[in-house]
């Protein structure tokens with residue numbers, strides 16, 4: 001057994017930001033920020049046997065603040081409105097994990113639990129004409145991740161993973177309202193700053209449950225190597241925009257990708273038959289209110305079901 005303490009160098013940074021913009025309001029302005037940060041980190045590793053190890057890590061970090069240059073945060077005379085400047089984001093994080101091999105190394109399981117506490121989280125939301133960065137007061141992200149691999153035979157390997165994510169705003173009283181909420185007057189404070197309180201709510205792009213499975217099979221013929229691979233990925237429902245508009249909630253989905261390939265033993269040629277998103281799920285990378293059109297939404301759609309065949313030859 002052995003103990004290892006790995007301490008990463010601490011950082012103390014003092015960035016300075018000077019910014020100016022000439023936007024459609026034809027008014028020039030500039031602003032300045034001055035910051036100072038101290039970011040320590042450490043990692044403790046314990047090899048408790050020849051086939052297993054545990055670790056504990058702690059770190060602090062930050063993301064620099066900045067400015068929004070947008071009609072949504074500026075007045076026609078060039079003066080700034082609330083939301084023009086956003087603050088630094090700070091995080092304190094720890095993680096505890098265990099990795100263990102079984103069956104003479106044919107199987108492996110890795111488990112980790114983690115917690116991150118963020119202050120002034122930087123969030124991006126659609127302001128109606130452009131994306132605007134703002135700060136949520138406090139956010140806690142914690143969860144557990146499990147991964148497993150098993151070599152059933154020399155030719156067949158299977159594996160999978162599961163993740164549980166608790167992603168909650170501890171305090172976010174100044175969250176932006178959606179365009180629909182402002183237009184209908186259903187958003188708190190919509191007659192003023194157009195904000196609402198999302199304290200206690202789950203953040204965007206944060207599915208509570210995620211899981212995956214894969215199977216990989218190889219077989220060598222006298223003249224070529226055959227491979228069959230399949231991936232199954234599941235994600236729970238999650239919001240696609242930071243204002244948590246119910247109309248941009250991505251439903252839970254399961255996607256299946258698969259491929260069959262033949263490759264010469266010398267590696268000179270390869271033929272692959274593949275399929276992606278075989279379940280033909282409709283999913284989005286993001287969605288937001290359409291400019292100047294309350295009740296209309298735009299979305300960035302991921303690829304539908306795709307089949308294909310590829311061939312390669314190396315001279």
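Rule-based calculations on the coordinates, nothing more; no lab input. On a predicted model such as this, the values are computed, not experimentally measured, just so you know. So basically every Cβ, Gly included, is an ideal-geometry build from the backbone, and we count neighbours across all protein chains shown.
Listed values, structure above:
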| quantity | calculated |
| --- | --- |
| Computed Kirkwood radius, in angstrom, where 1/r is averaged over Cα pairs of segment 198-266 | 15.0 |
| Sorted by Cβ neighbour density within 10 Å, fewest at the top, the residues 171, 57 | 171, 57 |
| Fewest-first sequence of 88, 170, 222 by Cβ atoms within 10 Å of each Cβ | 222, 170, 88 |
| Additional length obtainable on full extension of the chain from residue 111 to residue 156, 0.36 nm per residue less Cα span | 13.9 nm |
| Rough spin-label spacing in nm, given labels placed 7 Å along Cα→Cβ, for residue 184 and residue 247 | 0.8 |
